[in-house]
Amino acid sequence: EKITISVIKADVGGWPGHSRVHPALIEKAREVLSEAQKNGTIIDFYVTYAGDDLQLIMTHKKGVDSPEVHGLAWEAFKKATEVAKELGLYGAGQDLLKDAFSGNVRGLGPSVAEMEITLRKSEPIVTFHLDKTEPGAFNLPIFRMFADPFNTAGLVIDPKMHMGFRFEIWDILEHKKVIMSSPEEMYDILALIGAKSRYVIKRVYPKEGHPVPKDEPVAVVSTEKLYEVAGEYVGKDDPVAIVRAQSGLPALGEVLEPFAFPHLVSGWMRGSHNGPLMPVPLKYATPTRFDGPPRAVALGWQISPEGKLIGPVDLFDDPAFDWARQKALEITDYIRRHGPFEPHRLPSEEMEYTTLPGVLEKLKDRFEPIE
Ligand code: 13P
Ligand code: 13P
Ligand code: MG
Ligand code: MG
Ligand code: MG
């Protein structure tokens, strides 16, 4: 029998500003999920935060896109929003962009990463929770985990994964997807996913002959674009991901290794700046400087045979990531000194704040041809 792991998150109010989630919101969400666990809707759950995003991690037997489970998450976010309003938190209900729930939270504002899997004898997984960035921030690390032999030794030395993996890549502008095979199509994959604001890795699948069934994902990323839901800037997407590890998949340490390099991502300050992704323990998942820099939290779990979440282990709470944090701070200092200049500020096409069109409109009669 299959178990589904659902990670669903939303920003329903920041404390203060866009810095972190108030404990009262976490408490409220726990209350709602705890009730659902008693009713048997879900098997297990954990509620946490990453910056100002409230994070629900759930296991159940209802499959992906379950109206019951999505409805539950929606209810938890709605009730937490009420608390956020009582406390006057910043941007209460920020990511709940539609009033009515219609069976599925996709397209309503929250972000979702879910996978329905046949549990292996032992099922180690990592959930990633990012703040102040967008889904494309996962392209580089997921590629490195499942396709880069300089990151993942297992691609070379483990016969179970030597054949590589398949990548499901979404064009989030055109709403199209393509499945590509690594290592055969590696350069073509990179040609797409290097353009990370448009092409995002949605899922990774094993190939024929792998111990995990071919149609079961081994990694999944939330790809919701708030901008497309709302039609205007309403905060960043702040994505989540689930990655399975070990036994023919990247070892836990190979899943974490890409984050030892704090690569540049977009979404910092007003969703309009590039900056380094800093791997942090939960206690530091509280962006402050210039509302950042962007943060990544990694939680480690074992799924018990009954589908219980055995964890979390706060995986970046380790001195092995001190250097990455230090490097991120150096990059922060360097890039911040560009102020309003690209490439710290995003290129105009990606600017989600709307001052630039306004400025151009105001100046339109003053522009004249160059002789
Ligand atoms: P253990 O022998 O400690 O289980 O490690 C296996 C391994 O090589 C992990 O990378
Ligand atoms: P959030 O999406 O985390 O609310 O960030 C908004 C922002 O851009 C803060 O500078
Ligand atoms: Mg916010
Ligand atoms: Mg956020
Ligand atoms: Mg956001």
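Annotation: Thr152 fulfils all but one of (1) more than 16 Å from ligand 1 (Cβ to nearest atom); (2) modelled with pLDDT of 90 or more; (3) among the hydroxyl-bearing types (Ser, Thr, Tyr); the unmet one is (1).
Restricting Leu119, Leu130, Leu108 to residues that are farther than 28 Å from Pro276 by Cα and within 16 Å of ligand 5 (Cβ to nearest atom) narrows the list to Leu108.
Of all the residues in region 328-344, those that are in contact with a His (Cβ under 6 Å, 6 or more places away or on another chain) and within 10 Å of Pro276 (Cα to Cα) number 1. Taking region 236-317 and the strands (runs of 3 or more DSSP E) fully enclosed by it, the elements with 2 or more residues that are within 16 Å of ligand 4 (Cβ to nearest atom) and not small (Gly, Ala, Ser) are at 295-303. When you scan region 88-96, do you find a residue that is part of a strand (DSSP E or B), surrounded by fewer than 21 Cβ atoms within 10 Å (Cβ to Cβ) and within 16 Å of ligand 4 (Cβ to nearest atom), even just one? Yes: one or more hits. When each of Phe367, Phe321 is tested for being in a loop (DSSP other than H, G, I, E, B) and of a type in the set (A, V, I, L, M, F, W, C), the lone residue that passes is Phe367. Restricting the search to strands (runs of 3 or more DSSP E) fully inside region 130-222 and requiring at least 3 residues that are away from ligand 3 (no atom under 16 Å from the Cβ) and crowded, with 18+ Cβ neighbours inside 10 Å gives 165-171, 199-206, 219-221.
In region 267-314, what residues are more than 30 Å from Arg337 (Cβ to Cβ), aliphatic (A, V, I, L, M) and either buried (at least 23 other Cβ atoms within 10 Å of the Cβ) or touching a helix residue (DSSP H, G or I) at 6+ places or on another chain (Cβ under 6 Å) (or both)? Within region 267-314, Leu299, Ile303 qualify.
If the condition is being within 16 Å of ligand 2 (Cβ to nearest atom) and at negative phi, then region 73-107 contributes Phe77, Ala80, Thr81, Ala84, Leu89, Tyr90, Ala92, Gln94, Asp95, Leu96, Leu97.
A single entry from Phe165, Phe150, Phe138 fulfils the requirement of being aromatic (Phe, Trp, Tyr) and within 16 Å of ligand 4 (Cβ to nearest atom): Phe138. Number of residues in region 114-144 that are out of contact with any Lys or Arg (no Cβ under 9 Å at 6 or more places or on another chain) and away from ligand 2 (no atom under 16 Å from the Cβ) equals 8. Restricting attention to region 332-351, and to residues there that are part of a loop (DSSP other than H, G, I, E, B) and under 22 Å from Ala296 (Cα atoms), which single residue is nearest to the chain's Cα centre (by Cα)? Here the residue is Leu346. From the list Leu329, Leu363, Leu299, Leu282, the one residue that fits, being farther than 19 Å from Gly136 by Cβ and more than 22 Å from the chain's Cα centre (by Cα), is Leu363. Identify, please: which residue in region 52-79 is surrounded by fewer than 24 Cβ atoms within 10 Å (Cβ to Cβ) and of a type in the set (Gly, Ala, Ser) and is, among those, farthest from ligand 1 (Cβ to nearest atom)? So, considering only residues that are surrounded by fewer than 24 Cβ atoms within 10 Å (Cβ to Cβ) and of a type in the set (Gly, Ala, Ser), the one farthest from ligand 1 (Cβ to nearest atom) is Gly71.
The values are calculated or read from the model by the stated rules, or taken from the named source; none is laboratory data. All of these numbers come straight from a predicted model, not from anything done at the bench. Here Cβ is always computed from backbone atoms with ideal geometry, including for glycine, and neighbour counts include all displayed protein chains.
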